[in-house]
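First up is the structure itself, then whatever we jot down about it.
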Ligand code: ADP
């Protein structure tokens, strides 16, 4: 029943308001039960009586009989308690002496009454008495007291109050319910909009959540919108990835199929033609093999299942070996590889994986540099880093493409024809490996001076 935030808010508001109303009601009733108006009237009565008594010249408390008679009569006629003390504070007469309603000490009574028009005391039975206390010129002190008037709850309720109270209660509850309904809707509406927004993602009709309402809801909406954009970007990247992989596989497969067909149906009828067809089939199969290996590498780098064999090693021989391995390719391209390496650089890392990175960078540099121009492979170390530089004299990389070349399947020459270039995965893998070593890879380039790839690895 109270499953929604709105109904819970409504219940909470109603309970709070009802609770406050009950407390106010109890306080008002307690106040009325003390009946302050009747108390004031009682004080007034004994004060007037006291003034009258002070004016009676013939009051004589020295003759106990006359005094007690006077006290009895006054008490009966005016319905008050009368007590008389002598000048030393001894109680001479008390109209209620036969009851258990004992009086406090003379000093207490006198001190309290001094300059206090609303003095009271509590007797031995707990009853509160309102009193007036005066010392006469003759030295006697008179106390006039009356019990504080109290009105029982039932009397208050029965007496005119039930109807107005019920009306007030009913009206307040009705108004508070309307207010609670309005407030709970006000608080819950932005949350409902969020819920609708999240549902729209699931149903595929996502429209950004409007950033309205309280700041927490706005922040949540903004975070949600950003998250959806990221999820959409990831989904797009996945779709692109599948499309790219399919495309990269389709080209060599079409070639393989065509040349195998030529061998089968006799179109490649000479030994030379058959050999050429087989060569193409071999090259395309090899290309597919490299692609699949690159994809497997990326998959294990992404999932973190790849095991890096970190060990301390000298980077200089690793770099010169890479250059040596690629020297046939460089010779074929007519490109000279210049090494600018120090004696030794000790580093911790996975040798095979780092060799893969530098192999890729040097391979690209040689492929993109025209014949007759050099490529430089250099390395140096600072206090915290090793910096490896691969510098070529190729066409360079436009500024806006410099970050994108590290994306998967991204190539500057958009043609996907098989040729000297791969599928555009080499740099993506290189970046993942460098990142896994806590390093950084970046490219600097100018159209006239080729590209410089810089790999920074922590020492
Ligand atoms: P591939 O395996 O196809 O060489 P890479 O990931 O190594 O892919 O490189 C991605 C793209 O970056 C290449 O297709 C090329 O367009 C560009 N590129 C890489 N290295 C260089 C370079 N040294 N000079 C110019 N362009 C380069």
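The values are calculated or read from the model by the stated rules, or taken from the named source; none is laboratory data. This structure is a prediction, so every number in the text was calculated from the model and none was measured. Note: ideal-geometry Cβ built from the backbone for every residue, glycine included; neighbour counts use all protein chains shown.
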Exercise. Pairs, please: C-beta under 9 Å, at least 6 apart or cross-chain, first residue over 14 Å from residue 319 (Cα atoms) and at pLDDT below 95 and in region 350-376, second assigned to a helix (DSSP H, G or I) and near the ligand (Cβ under 9 Å from one of its atoms)?
Worked result: 364/426; 364/427
For this session: Spot the failing condition for residue 457; the list is (1) within 28 Å of residue 237 (Cβ to Cβ); (2) at pLDDT below 90, and only one is missed.
Result: (2)
Exercise. Does residue 164 count as in a loop (DSSP other than H, G, I, E, B) and on the phi < 0 side of the Ramachandran plot?
Worked result: no
Exercise. Given the conditions (1) more than 24 Å from residue 405 (Cβ to Cβ); (2) part of a helix (DSSP H, G or I); (3) under 53 Å from the mean Cα position of the chain (by Cα), and given that residue 348 satisfies all but one, which numbered condition is not satisfied?
Worked result: (2)
Exercise. When only residues in region 351-378 that are within 13 Å of residue 451 (Cβ to Cβ) and part of a loop (DSSP other than H, G, I, E, B) count, which is farthest from the ligand (Cβ to nearest atom)?
Worked result: 373
Problem set entry | Yes/no for residue 386 being under 30 Å from residue 334 (Cβ atoms), touching a strand residue (DSSP E or B) at 6+ places or on another chain (Cβ under 8 Å) and either within 12 Å of the ligand (Cβ to nearest atom) or part of a strand (DSSP E or B) (or both) | no
Problem set entry | Any hit, region 25-36, residues being closer than 20 Å to residue 144 by Cα, without any contact (Cβ under 8 Å) to a residue 24 or more places away in the chain and over 60 Å from the mean Cα position of the chain (by Cα) | no
Problem set entry | Boolean, residue 238 is closer than 30 Å to residue 424 by Cα, free of Cβ contacts under 8 Å to residues at least 60 places away in the same chain and in a helix (DSSP H, G or I) | yes
For this session: Take region 316-345 and flag every residue that is part of a helix (DSSP H, G or I), surrounded by 17 or more Cβ atoms within 10 Å (Cβ to Cβ) and under 55 Å from the mean Cα position of the chain (by Cα).
Result: 316, 318, 319, 322, 323
For this session: Please verify whether region 434-448 includes one or more residues that are at pLDDT below 90, assigned to a helix (DSSP H, G or I) and near the ligand (Cβ under 9 Å from one of its atoms).
Result: no
For this session: Identify, from the list 113, 97, 83, the residue that is closer than 22 Å to residue 149 by Cα, over 60 Å from the mean Cα position of the chain (by Cα) and surrounded by fewer than 16 Cβ atoms within 10 Å (Cβ to Cβ).
Result: 97
Seminar exercise, completed: Picking from 426, 396, the residue that is at pLDDT 85 or above, at positive phi and within 7 Å of the ligand (Cβ to nearest atom) would be 396
